[in-house]
Every structure is written in C-alpha cells, then in structure tokens.
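K.L.:
This is the structure I have questions about; it appears just below.
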Amino acid sequence: MNISIRTELESDYREVENMVREAFWDVYKPGSSEHLILHKLRKSPAFVPELHLIACDDRKIVGNIAYSKAYVMNPHDVRFEVLCMGPISVLPEYQGKGIGSLLLRKSIEKARQLGYRAVVIFGHPGYYGRFGFRNAEVFHITTSDGHNFDAFMVLDLSGNRLAGIEGRFFADPAFDVDAGELDEFDASFPWKEKHVTDTQFK
Ligand SMILES: CC(C)(COP(=O)(O)OP(=O)(O)OC[C@H]1O[C@@H](n2cnc3c(N)ncnc32)[C@H](O)[C@@H]1OP(=O)(O)O)[C@@H](O)C(=O)NCCC(=O)NCCS
C-alpha cells in the first residue's frame, strides 16, 4: 500500500463517485445515495473544491472527504458560515488502515488555514470525537428543526468556542435526494444488488 492524498481533479469525478458508492453501499440503507449527493454538491456554489481531498493507493482512488459551505442562523436571523463535512468514504477493502483519519486530519488543518470557523457533521461520536468534534448542543447549535442528538457534532476551528456562532444549522440542498433522481443516477453505474443489513439498524 502506497497512500498519497491530493485534491480532486475533474478527471477523477467518475472514479470517486463509484468509490463513494462502493463505500456506502448497504451500510445505512439498502444501496446508497452518497454518490449522488457528491455529484450534486460539486455543482453547488456551496462546494469547496480545495477541501475535496482524495486518497490514492498509487493511482487507484480509495478514499475521499468532501466539504460544503453551510450556515448556522441565530434567533435574530443572522447567518454564520460554517463547513459541513461529508461524504467521507474509504473503499471497504481499505478501511481500518488509517486512511479516513489521514483524510480528516489533513482536511481539518487545511480548513483551519483557509479561515473557516467550524465544521458540522452527522456521524459516529466514537469515531469523530477523537478528532475534536463535540456534540453540537455544547455550542448551542441545533438541527434546522431544533433537535440535538449524539451523531450531530461540531468541531470548533476558531479556538474561541465558536466566537458567538449559535442557532439552527442548515446544510446545502444538495443533501436532499429524491428516490426518482437516485434511481436514475444509480442506473448509470454498474448494477449492484441491494441488501438489508445489520448496520442499517445501528
Ligand atoms: C468511516 C470511514 C470513512 C472511516 O475510514 P477508515 O479508513 O476505515 O478509518 P480509520 O482506519 O482511520 O479509523 C478506523 C477506526 O474508525 C472506526 N470506525 C470506522 N467506521 C466507523 C463507524 N461507522 N462507526 C464507529 N467507528 C468507526 C473503526 O472502528 C476504527 O477504530 P479504531 O481505530 O479504534 O480501531 C470508512 O469506514 C467508511 O468509508 N465507511 C463507510 C462509509 C461511512 O460510513 N462514512 C461515514 C459516514 S459518517
């Protein structure tokens, strides 16, 4: 294994989408939608191409991490720009070898250098906690409909407890996927059987 990390090029798009599809397939639902989310995100003005890092084993693309601009709106309708992280993916046969951690560490450092103040994610607390993410509730940030739960986490890049950023979180509309557009998009990839698996109930 000879892993390197670089930003994504246009010529990588299809291979990256196929890799994302493979990584998420059957993990959270039968099939996956994250390859379409990434496809839509790239076309959105919210997408941050300089933070879209990919991991390669020699020339083969084996992982990615993507970020988009999102916002937190306070009760006075003042908006604060933050980053939303996702999708992050590593090909199943490359998982558990530190590639996801490498992508997270490198991209977080770059996001900090670019001056972003916070990263918001929906993910597993056991995994993301080790990178400094904390429950969004600590920062008085809720989902757009006012909820908090363990998987909803925030990383403070400002070093200043988010410098007054609080309120409701809104991600880019590219994350909203409808079943019809997903079926149509997925049909352009090699056919894969969908399964109900244990990981979908965790
Ligand atoms: C999540 C993912 C990107 C992590 O990448 P990775 O290269 O396997 O991660 P690393 O090797 O850096 O870290 C492995 C550690 O993460 C933990 N981990 C990986 N996926 C996890 C998950 N879904 N929930 C909890 N812990 C997880 C492993 O148990 C391991 O823990 P350890 O270091 O204590 O042994 C990768 O497993 C993946 O693509 N999964 C499918 C898609 C997905 O779930 N994406 C994230 C959505 S929030």
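Laboratory data are not the source of any read-out in this text; all were calculated from the coordinates shown. Predicted model only: the values in this text are computed from it and were never measured. Cβ coordinates were reconstructed from backbone atoms using ideal geometry, including for glycine residues, and neighbour counts include every protein chain displayed.
K.L.:
May I ask which of LYS29/LYS192; LYS106/LYS194; LYS69/LYS110; LYS43/LYS97; LYS43/LYS192; LYS60/LYS106 have a Cα-Cα span longer than 22 Å here?
P.N.:
Checking Cα-Cα distances, LYS106/LYS194; LYS43/LYS97; LYS43/LYS192 exceed 22 Å.
K.L.:
Ignoring everything except DSSP H segments at least 4 long, calculate the 222 nm mean residue ellipticity for the chain; use -39,500 (n - 2.57) per segment, divide by total residues, nearest 500. Intermediate results must be reported in sequence, preceding the final value.
P.N.:
Numbers: 5 runs with 48 residues, N = 202.
It comes out at -7000 deg cm²/dmol, rounded to the nearest 500.
K.L.:
Each residue of the range 155-163 in order: what ³J(HN,Hα) in whole Hz does its phi give by Karplus 6.51 cos²θ - 1.76 cosθ + 1.60, θ = phi - 60°, with x for Gly and Pro?
P.N.:
Taking θ as phi minus 60°, the curve returns 10, 7, 9, 7, x, 9, 6, 6, 6 Hz for the range 155-163.
K.L.:
Using the Karplus equation 6.51 cos²θ - 1.76 cosθ + 1.60 (θ = phi - 60°), what ³J(HN,Hα) coupling, rounded to whole Hz, does each residue of the range 60-65 give in order, writing x for Gly and Pro?
P.N.:
Karplus values, whole Hz, x for Gly and Pro: 7, 7, 10, x, 8, 9.
K.L.:
How far is helix 99-113 tilted off the main Cα axis of the chain, in degrees rounded to 10, range 0 to 90?
P.N.:
40
K.L.:
Of PRO49, ILE99, ILE37, which is farthest towards the positive pole of the range 16-116's charge dipole, taken about the Cα centre with +1 and -1 on the beta-carbons of Lys, Arg and Asp, Glu respectively?
P.N.:
PRO49
K.L.:
Mind checking the dipole of the range 3-201: about its Cα centre, +1 per Lys or Arg Cβ, -1 per Asp or Glu Cβ, Debye to the nearest 20? Can you show the working numbers first?
P.N.:
Values: 23 positive and 29 negative charges, 165 e Å.
For the range 3-201, the charge dipole is close to 800 debye.
K.L.:
I need VAL27, VAL16, VAL119 ordered by Cβ neighbour count within 10 Å, fewest first.
P.N.:
Numbers: VAL27 15, VAL16 22, VAL119 27.
So the ranking, lowest neighbour count to highest, is VAL27, VAL16, VAL119.
K.L.:
Also: Run through the range 34-119 and list the GluC sites (Glu not before Pro) located in a DSSP loop whose Cβ has at most 16 other Cβ atoms within 10 Å. Don't jump to the answer; show the numbers that get you there.
P.N.:
Working: sites: GLU34, GLU50, GLU81, GLU93, GLU109; in loops: none.
Qualifying residues, ordered by number: none.
K.L.:
Pick from PRO92, PRO49, PRO75: which is most flexible by mean-square fluctuation in a GNM of the chain where alpha carbon atoms under 10 Å apart are linked?
P.N.:
Among PRO92, PRO49, PRO75, the largest GNM mean-square fluctuation belongs to PRO75.
K.L.:
Using the Karplus curve 6.51 cos²θ - 1.76 cosθ + 1.60 with θ = phi - 60°, what ³J(HN,Hα) values do you get for each residue of the range 40-54, in whole Hz, with x for Gly and Pro?
P.N.:
Result, ordered by residue: 6, 4, 4, 8, 8, x, 6, 5, 10, x, 5, 9, 7, 9, 10 Hz.
K.L.:
So, by mean Cβ neighbours within 10 angstrom, what's the order for 178-187, 17-26, 158-167, 55-64 with the highest one leading?
P.N.:
On the way: 178-187: 12.1, 17-26: 20.7, 158-167: 14.8, 55-64: 18.2.
With the highest mean Cβ count within 10 Å placed first, the list reads 17-26, 55-64, 158-167, 178-187.
K.L.:
Mind listing P(r) for the range 3-201? All alpha-carbon pairs, 10 Å bins, whole percents.
P.N.:
9, 35, 38, 17, 2, 0
K.L.:
Further question: Considering amide H positions built from the backbone, and no H for Pro or chain starts, which residues 5 or more places from GLY31, or on another chain, come under 5 Å of its amide H?
P.N.:
Answer set, sorted by chain and number: ASP26, HIS195.
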